[in-house]
Amino acid sequence: MARGGINKANVQRARQALLDRGEHPSIDAIRVELGNTGSKTTIHRYLKELDNQPATALRTDQPLNEQLAGLVNQLAEQLAEQAQETVSDERAELARDRLAWQQRLQEAEQRIQQLGAECEALTAQLQAEQLAHQHTREEFQRLQVDNARALQACQDLQTRVLERDEHIRSLEEKHQHARDALQHYREASKEQREQEERRHAAEVQHLQMEMRQLQQTLIVKQDELTRLNRDNERLTSESGQLRRENHARQDALQRQTTEMAELKEQLTQALTGNQVLQARLEAQEVETQRLDSRYAEQQQAMATAQAMLHDERLEFYQRHAAQRQRLQTLSALLSRASQALSKDKVGAPGALAVGDGALLGWLSEAQSLLAEDTSSEP
C-alpha cells in the first residue's frame with residue numbers, strides 16, 4: 001500500500017483520464033494528475049500491474065454485468081491487498097514500536113539499577129562518614145573535658161601558690177615588724193634609761209613603775225619574739241618546702257602547658273578534619289538528593305512510556321477491529337453483488353435494470369468504505 005495516500009484505483013483513474021485526453025500515461029504525468037502525491041515506485045508498480053492484467057480492464061463493448069463483475073473483482077482484490085498491506089504495516093510498526101519501547105525500558109531498568117547501586121554506595125559512604133564524624137565529635141568533647149580539667153587544675157595550683165606566697169609574705173612582714181619593734185624597743189629603753197639616770201630622783205619611782213610595765217611588756221614581747229622565732233623557723237622550713245613544691249608545680253604546670261598546647265594543636269586538627277568531613281557530608285547529601293530526583297524522573301518517564309505504549313496498543317486494537325468490521329461489511333456487499341450478478345446472468349433481461357441499481361448502490365457503499373479506509377491510514 002502506498003504511503004502517499006494513493007492506491008491502484010487512483011492510478012487507474014488517472015491513467016484512463018490521460019488516455020481519454022490522448023496523452024501518454026507516463027509516471028510523471030500520472031503523478032501530476034494525482035496532485036503530485038504518491039511515490040514513483042508505487043505508481044510504476046501499479047502501472048505494471050495494470051499493463052499485466054488487460055483482461056480485467058473495463059471495455060465499453062462488454063455487457064454491464066460483466067463490467068460490474070470485473071469492477072467487483074477488482075475492488076475485492078484491491079480491498080484484500082489494501083487490508084493485507086495495512087495489517088502488515090501496522091504489525092511491523094507495532095513490532096518496531098514494541099522493540100523500541102522494550103529497549104528503552106531495558107535501558108531505563110539498567111539505569112535504575114545503576115542509580116540504585118550508586119545510591120547504596122553513597123549511603124554506605126555517608127554512614128561511614130557520619131560514624132567517623134560522631135567519633136571525631138566524641139573525641140573532641142573528651143578533649144574539651146580534659147582541657148577544662150587541666151585548666152581548672154592549673155588555676156587551682158596557681159591560686160594555692162599565690163595564697164602560699166601571700167602567707168609567706170605576710171609572715172615575713174610580721175617577722176620584720178617584730179624585729180623592727182624589738183630594735184626600736186631596745187633603742188627606746190636604752191635612751192630612756194640614760195634619760196632616767198640624768199633626770200631627777202623624783203622621777204625614779206615613776207621610771208621604775210614604767211620599768212616594771214616595760215619589763216612586763218618586754219616579757220610579753222620576748223614571749224612573742226620566741227613564738228615568732230619558732231614561727232619564723234617553721235615558716236622558713238615551710239617556705240623552703242613550698243618553694244620546692246612550687247618548683248615542682250611549676251615544672252608540672254610547664255608540662256601541662258606543653259601538653260595543653262599539643263592538645264590544642266590536636267583539637268585544631270580535629271576541628272579542621274571535622275570541617276572537611278562536614279563539607280564532604282553536605283556535598284554527599286546534595287549528590288544523594290540529586291540522585292533521588294533523577295531516580296524519580298526516571299520512574300515518572302518509565303510510567304509515562306508504559307501508559308503511552310498501552311494507549312498505542314489500545315488504539316491499534318480499535319483500528320484493527322474497525323478495519324475488520326469494514327472488511328466484513330465489504331465482504332457482505334461483495335457477496336450480495338456476486339449473488340445479484342449470478343441471478344442476472346440466469347434471470348430475465350427485464351430484471352437487469354433493478355439489479356444494476358442495487359449493484360451500483362452496493363458498489364458506491366464499498367467505494368465509500370474503501371475511501372474511509374484509505375483516509376484512516378497513517
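Kindly establish whether Glu259 is surrounded by 13 or more Cβ atoms within 10 Å (Cβ to Cβ), under 60 Å from the mean Cα position of the chain (by Cα) and acidic (Asp, Glu).
yes
Kindly provide the set of residues from the stretch 185-203 that are of a type outside the set (Asp, Glu) and farther than 22 Å from Lys221 by Cα, ordered by number.
Gln195, Arg198, Arg199, His200, Ala201, Ala202
Just one of (1) over 24 Å from Gln339 (Cα atoms); (2) at pLDDT 75 or above trips up Pro54, so point out which.
Answer for Pro54: the failing condition is (2).
Hey, among Gln241, Gln254, Gln215, which residue is closer than 30 Å to Thr136 by Cα, surrounded by fewer than 16 Cβ atoms within 10 Å (Cβ to Cβ) and assigned by TED's automatic domain parsing to the domain that holds Val145?
Going through Gln241, Gln254, Gln215 in turn, the sole match is Gln254.
The values are calculated or read from the model by the stated rules, or taken from the named source; none is laboratory data. Nothing here was measured: the structure is a model prediction, and the numbers come from that model. A quick note on method: Cβ atoms are made from the backbone with ideal geometry, for glycine too, and the neighbour counts reach across all protein chains shown.
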